[in-house]
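In what follows, a structure is listed as structure tokens, so that the remarks can point back to it.
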There are 2 protein chains.
Amino acid sequence: MRVVRIPAEVRAALTGVSRPLGLVPTMGALHAGHLALIRRARDESAAVAVSVFVNPLQFGPNEDFERYPRAFDDDMVQLRDAGVDLVYAPDVTTMYPPGFATAVDPGPVGERYEGALRPGHFRGVATVCTKLFATIAPDRTYFGAKDAQQVAVLRRVVTDLDLGIELIVLPTVRESDGLALSSRNAYLDAEQRAAAPALHRALDAIVTAVRNGERNAQRAVERGRAELQTPMREVYLDVVDPRTFVPEPEIHAPALAIGSAWLGTTRLIDNEPIEATS
Amino acid sequence: MRVVRIPAEVRAALTGVSRPLGLVPTMGALHAGHLALIRRARDESAAVAVSVFVNPLQFGPNEDFERYPRAFDDDMVQLRDAGVDLVYAPDVTTMYPPGFATAVDPGPVGERYEGALRPGHFRGVATVCTKLFATIAPDRTYFGAKDAQQVAVLRRVVTDLDLGIELIVLPTVRESDGLALSSRNAYLDAEQRAAAPALHRALDAIVTAVRNGERNAQRAVERGRAELQTPMREVYLDVVDPRTFVPEPEIHAPALAIGSAWLGTTRLIDNEPIEATS
């Protein structure tokens with residue numbers, strides 16, 4: 001496994017590499033969700049690259065960029081064990097040197113929900129991923145379904161900019177009690193951790209309501225909302241088109257139940273697909 | 001010479017093509033300026049691609065997108081004679097299908113002068129060029145110095161997005177009386193055509209003033225302004241940093257004298273470098 005720090009080293013390292021090449025972009029602090037993406041990439045690609053970069057551009061001024069978990073040495077052990085060929089781990093001044101000014105703006109798909117709560121977040125995600133895609137030139141790239149709006153944004157960008165990369169999305173990996181894996185779960189204390197699965201139960205309740213015939217989003221969401229109790233504070237709970245993130249007052253599958261809630265100073269997000277029934 | 005219309009055909013046509021690959025992006029209506037770019041690409045690259053696409057995204061609502069000159073059959077003859085290997089000529093719905101929403105924003109370098117006069121113009125240029133670069137994946141791309149702010153914008157984008165493409169800029173090709181070649185010169189009537197070289201004379205006067213020791217931009221520009229007479233109507237005449245397009249009140253070479261003027265309903269632009277003297 002090679003670990004490189006600048007785009008020129010990436011290009012040199014990838015000269016003559018076997019294809020197809022799979023890329024798993026990460027912010028490090030790897031958990032079983034990341035490892036599932038890497039395993040899938042390893043299974044179906046001749047070579048696997050992983051990027052490790054905590055991207056300041058996608059954090060707001062009052063967000064957790066500074067305290068976001070970093071575990072570089074432990075991450076490298078896991079990546080080596082997972083059979084990764086190349087790790088690209090640039091530092092911030094390599095990605096954003098003085099004078100850096102270009103932004104990739106994904107448009108309306110990034111404006112609601114997480115985009116509204118985190119102004120500039122999806123521009124930051126779209127910009128850093130465009131850079132990673134340009135540097136590494138993968139054939140495929142792998143993302144977890146947990147960050148569903150990020151997936152919708154990147155699908156838009158990859159299509160619109162003709163990047164020619166297949167975007168592969170794997171199901172959210174969960175703890176046994178349903179909590180979606182997230183590097184931010186490390187922020188939760190014992191009481192918060194015990195309360196955290198309620199968000200997933202709320203989404204499940206929405207999906208169940210729809211499965212039982214409810215087509216009105218407001219009523220379906222109310223069924224979910226009943227699961228969100230103190231100490232959890234709802235931020236949003238809704239049903240959207242999974243491609244556009246436009247809310248669907250009248251639910252037409254395939255749709256997506258999405259939710260976010262605070263536990264103390266940690267904001268969790270999660271989602272559950274609403275599948276078309278035949 | 002192959003002429004292809006969609007990204008997948010470009011990728012198929014370029015599989016196994018010799019490298020380095022040079023790309024000359026154009027809006028068609030080819031003139032000797034374009035041909036100089038293609039000749040240079042042909043001289044120094046193993047394969048040459050030319051894109052021909054009149055990009056609606058870089059035209060404002062009251063601009064000349066509809067009447068912009070189109071000469072596809074004649075262009076193809078010239079490109080074949082010039083030894084071009086691949087022509088990418090997408091139609092508008094291939095480039096911008098329904099739902100298209102992503103924009104590449106180059107930031108401050110695209111906000112003054114042409115960017116202020118043509119809101120959205122450089123976002124359109126940056127977006128279409130990012131798409132062309134992603135589709136064709138050239139090693140080098142060639143632009144004329146006449147569109148100097150476009151060059152500054154694309155230098156920013158290529159650097160910031162880690163596109164790994166060398167941007168090569170060739171001097172403006174001129175008529176014998178100094179008028180910069182432009183597809184828009186076709187709009188000029190005989191009287192306007194006779195008056196048109198005044199813009200280049202104005203820029204030359206600025207460069208001469210600086211060469212003779214003038215360091216104050218306002219005074220140097222006044223020397224140029226004296227050349228701009230009826231029927232030409234000045235839009236701007238200034239001295240800027242060629243990388244940032246920030247005006248330089250106190251001129252430090254290398255700098256760039258830039259100008260734009262109306263002749264009837266046609267707006268001309270031009271520029272002249274102010275070289276460092278040893």
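The values are calculated or read from the model by the stated rules, or taken from the named source; none is laboratory data. Keep in mind it's a predicted model, so treat the numbers as computed, not measured. Note: ideal-geometry Cβ built from the backbone for every residue, glycine included; neighbour counts use all protein chains shown.
Table for the structure above
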item	result
Residues (closer than 16 Å to residue B:122 by Cα and in a loop (DSSP other than H, G, I, E, B)) located in the stretch B:89-108	B:101, B:102, B:106
Residue count for the stretch B:242-269, restricted to those that are surrounded by 15 or more Cβ atoms within 10 Å (Cβ to Cβ) and within 17 Å of the chain's Cα centre (by Cα)	13
Residue A:67 vs. criteria surrounded by fewer than 19 Cβ atoms within 10 Å (Cβ to Cβ), under 23 Å from residue A:180 (Cα atoms) and basic (Lys, Arg)	yes
Of all residues making up the stretch B:86-110, the number that are surrounded by fewer than 21 Cβ atoms within 10 Å (Cβ to Cβ), touching a residue at least 24 places away in the same chain (Cβ under 8 Å), more than 9 Å from every other protein chain (Cβ to nearest Cβ) and not hydrophobic (A, V, I, L, M, F, W, C)	2
Test: residue in the stretch A:111-123 that is under 20 Å from residue B:110 (Cβ atoms) and more than 8 Å from chain B (Cβ to nearest Cβ)	yes
Some residue of the stretch A:145-165 being small (Gly, Ala, Ser), touching a His at 6+ places or on another chain (Cβ under 9 Å) and closer than 15 Å to residue A:258 by Cα	no
Any hit, the stretch B:54-71, residues being within 14 Å of chain A (Cβ to nearest Cβ) and not β-branched (Val, Ile, Thr)	yes
Qualifying positions in the stretch A:205-226 - under 24 Å from the mean Cα position of the chain (by Cα) and without any contact (Cβ under 8 Å) to a residue 40 or more places away in the chain	A:205, A:221, A:224, A:225
Residue satisfying condition, being more than 14 Å from chain A (Cβ to nearest Cβ), at pLDDT 95 or above, buried (at least 21 other Cβ atoms within 10 Å of the Cβ) and more than 18 Å from the chain's Cα centre (by Cα), within set B:134, B:202	B:202
Some residue of the stretch A:144-157 being farther than 30 Å from residue B:106 by Cβ and either free of Cβ contacts under 8 Å to residues at least 60 places away in the same chain or part of a loop (DSSP other than H, G, I, E, B) (or both)	yes
Residues located in the stretch A:168-195, provided they are among the small types (Gly, Ala, Ser), without any contact (Cβ under 8 Å) to a residue 60 or more places away in the chain and assigned by TED's automatic domain parsing to the domain that holds residue A:256	A:190, A:194
Of all residues making up the stretch B:1-53, the number that are within 14 Å of chain A (Cβ to nearest Cβ) and without any contact (Cβ under 8 Å) to a residue 12 or more places away in the chain	5
Qualifying residues in the stretch A:162-199 (those that are surrounded by fewer than 18 Cβ atoms within 10 Å (Cβ to Cβ) and of a type in the set (Asp, Glu)) - the one farthest from residue B:133 (Cα to Cα)	A:191
Per-region count, the stretch A:65-88, residues part of a loop (DSSP other than H, G, I, E, B) and out of contact with any Lys or Arg (no Cβ under 6 Å at 6 or more places or on another chain)	10
Filter pass, residue A:28 being part of a loop (DSSP other than H, G, I, E, B) and under 19 Å from the mean Cα position of the chain (by Cα)	yes
Qualifying positions in the stretch A:144-181 - among the β-branched types (Val, Ile, Thr) and away from every other protein chain (no Cβ under 13 Å)	A:151, A:168, A:169, A:172, A:173
Which numbered condition residue B:221 fails, given (1) out of contact with any His (no Cβ under 6 Å at 6 or more places or on another chain); (2) under 19 Å from residue B:115 (Cα atoms); (3) buried (at least 21 other Cβ atoms within 10 Å of the Cβ)	(2)
Any hit, the stretch A:142-160, residues being buried (at least 19 other Cβ atoms within 10 Å of the Cβ), more than 15 Å from the chain's Cα centre (by Cα) and more than 24 Å from residue A:34 (Cα to Cα)	yes
Complete set of residues in the stretch B:1-48 that are under 14 Å from residue B:131 (Cβ atoms), small (Gly, Ala, Ser) and surrounded by 18 or more Cβ atoms within 10 Å (Cβ to Cβ)	none
